[in-house]
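Data first, discussion second: the structure below is written as structure tokens.
Here, each number is a calculation from the coordinates, and none is a lab measurement. Everything numeric in this text was worked out from a predicted model, so none of it was measured. With ideal geometry, Cβ positions are generated from the backbone for all residues, glycine too; neighbour counts draw on all protein chains shown.
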Amino acid sequence: MEARFLALKARLDSEVNARNNNQELSDEKPDPLLVARKYRQDDIALICALFAYGNARLIVKFLNSLNFSLLNEDDETVKNELSNHYYRFQKSEDVIAIFIALKRLREVESLEDIFTKAYREKNSVMDGINAAINEIHKVYPHATQGYNFLIGKPFEKLSGSGAYKRWHMFLRWMVRKDELDMGLWKNIDTSDLIMPLDTHTFNVALKLGLLQRKTYDLKAAIELTQTLKKFDEHDPIRYDFALYRIGQEKIV
């Protein structure tokens with residue numbers, strides 16, 4: 001490994017170690033993972049991840065307004081309780097839809113089992129994401145612009161595909177285990193995870209020379225993941241949170 005990359009690895013390793021603590025998740029440093037960690041359930045964590053776009057403080061405020069015990073209630077109760085809840089592109093009907101879909105999914109098969117079955121065929125997390133998206137739509141068909149944005153569409157081809165940032169962030173929470181990530185899922189290899197690329201990590205990766213691709217998409221997320229495998233081939237995504245914070249705090 002060339003000297004420049006060794007120096008960069010040392011810097012990023014230092015950032016990872018410094019930020020791997022509970023103080024990085026607080027009211028002063030809001031992050032949707034802060035809410036997900038309160039419950040430590042994969043379907044609640046998925047809701048937290050899917051709504052994780054926009055201002056972090058507003059995301060956490062919205063997530064804290066949700067009554068996740070509704071995942072155990074009947075459809076009418078869910079509709080009544082969430083009739084006034086909305087977030088950016090999602091109207092109340094979309095918030096209601098994701099709760100009902102995940103509530104029904106609990107009665108069919110666990111989110112982990114759905115994902116893992118598809119993943120195991122080729123060790124592909126994108127196959128697992130596809131399976132989860134398809135099953136969510138199957139158990140409760142609902143199609144609006146806001147809901148389709150929230151859930152995402154099944155992956156078809158690499159070219160022109162979005163980065164699937166919120167799904168990959170959810171997987172990071174579920175698969176990795178440290179002081180931040182929960183490690184609730186045990187059958188996915190950390191080496192197969194893909195970087196949850198958002199605008200912060202995208203811009204920081206470009207500035208640090210970790211990424212050459214100038215388009216913010218899945219190809220860029222995969223390229224960055226492959227670069228970070230030079231630093232840690234078994235757990236490249238451990239650098240995600242540090243890169244995100246570096247960008248958010250404008251350190252680079």
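Just a few scattered comments:
- Sequence-separation-based contact order of the range 3-248, relative, with Cα cut under 8 Å and 6+ spacing, percent: 18
- Whole-Hz ³J(HN,Hα) from phi, Karplus 6.51 cos²θ - 1.76 cosθ + 1.60, for the range 179-193, glycine and proline x: 6, 9, 6, 8, x, 7, 9, 10, 10, 10, 7, 4, 6, 8, 5
- For the range 188-252 versus the range 10-88, the gap between their alpha-carbon centres in whole angstrom: 22
- For the range 139-207: relative contact order, % (alpha-carbon pairs under 8 angstrom, 6 or more apart): 25
- Neighbour cut-off at most 16 other Cβ (10 Å), DSSP loop, GluC sites (Glu not before Pro), the range 1-93: 2, 28, 73
- Summary of packing: across the peptides 234-241, 174-181, the per-residue average of other C-beta atoms within 10 Å ranks them, highest first, as 234-241, 174-181.
- The C-alpha atoms of the chain define a longest principal axis, and helix 3-19 lies at about 40 degrees to it.
- Estimated vicinal HN-Hα couplings, Hz - the range 80-89 in sequence order (Karplus 6.51, -1.76, 1.60; Gly, Pro = x): 5, 6, 9, 5, 10, 9, 8, 8, 6, 7
- For the chain, the longest principal axis of the Cα atoms and the long axis of helix 111-122 meet at an angle of about 50 degrees.
- Sequence-distant residues sharing a close amide H with residue 82 (under 5 Å, placed H): none
- 3J(HN,Hα) along the range 61-77, derived from phi through the Karplus expression 6.51 cos²θ - 1.76 cosθ + 1.60 where θ = phi - 60°, amounts to 4, 5, 4, 5, 7, 8, 9, 6, 5, 5, 5, 10, 9, 6, 4, 5, 5 Hz, with x in place of Gly and Pro.
- Among the listed pairs 61/103; 79/219; 165/230; 9/61; 61/157; 29/157, a Cα-Cα separation exceeding 27 Å is found for 79/219; 9/61; 61/157; 29/157.
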